[in-house]
């Protein structure tokens, strides 16, 4: 060290030199691009061409669902006083109303426009399913993460689940809607009152598998708070599981709404509903098929597209499918 201090500036320059870019990269040095989890997820997701087709179809459905009712005001009882407008075929309805596009698919039993009613009803179903899905997933994931991590909470919540978890959800929803009364927010309350419990129990089992892994034990030994361990160590690992469950939950709410409205226990008469349209058209679906099959097709198409997109996104969000 003393020898280096006594060197002259010329001697110091001879000891050091600038290296070139080629010399910076050596065989021992690993050069890897910056990794982004969600960029990798999107890259894997869009690698399948079928996902692009599904997204385009879903975007078109969303555009029609929220755009068509903005252009035309839907009123199911608009022509109820004119019996000549009842159950008109698409061709007869277009001729009767001078080519008005909202009668493109004919009219129903009360002279209602089938085409406009389908998209107004689909808008209701989508709003309901997304609101219920977000509430149940948010509450269910948080409760499930705490449930699986805390043994004290497990003892209490497991008893609650054994009591309410074995009751058919459709029966609970029907009873709650009957007691509260039909309506949009009545269905939201019915679907979210116990809907989070099944999600929480599912995540309990997933968390119990992860909580005793080495990195979680190390965090616990270092005194990391439980809340931080759950949000930083456990939940990020379960991203693909969350997406998978959400993919099955959202179409399920659409199906439940359609069934309850079909049974007369769902939305109020003033709220457009695919289930009510199917109920009104099923009595004469052979005589007036245009009043029955279009709402059935839209309800089925929405559920199928959302399910397939959710499953494919869940596969893409699994870290094992896009490891470096």
Legend entry - Test: residue in region 78-95 that is out of contact with any strand residue (DSSP E or B) (no Cβ under 8 Å at 6 or more places or on another chain) and buried (at least 19 other Cβ atoms within 10 Å of the Cβ): no
Inset, instruction - Test each condition in (1) assigned to a loop (DSSP other than H, G, I, E, B); (2) free of Cβ contacts under 8 Å to residues at least 24 places away in the same chain; (3) on the phi < 0 side of the Ramachandran plot for residue 93 and report the one that comes out false. - result: (1)
Legend entry - region 38-57: number of residues that are buried (at least 16 other Cβ atoms within 10 Å of the Cβ) and either at pLDDT below 90 or within 20 Å of residue 241 (Cβ to Cβ) (or both): 5
Inset, instruction - For region 139-156, state whether one or more residues are under 17 Å from residue 234 (Cα atoms), loosely packed, with under 14 Cβ neighbours inside 10 Å and more than 24 Å from the chain's Cα centre (by Cα). - result: yes
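The values are calculated or read from the model by the stated rules, or taken from the named source; none is laboratory data. Only a predicted model underlies this, so the values are computations on that prediction, with no experimental measurement involved. We place every Cβ from the backbone using ideal geometry, glycine too, and count neighbours over all the protein chains shown.
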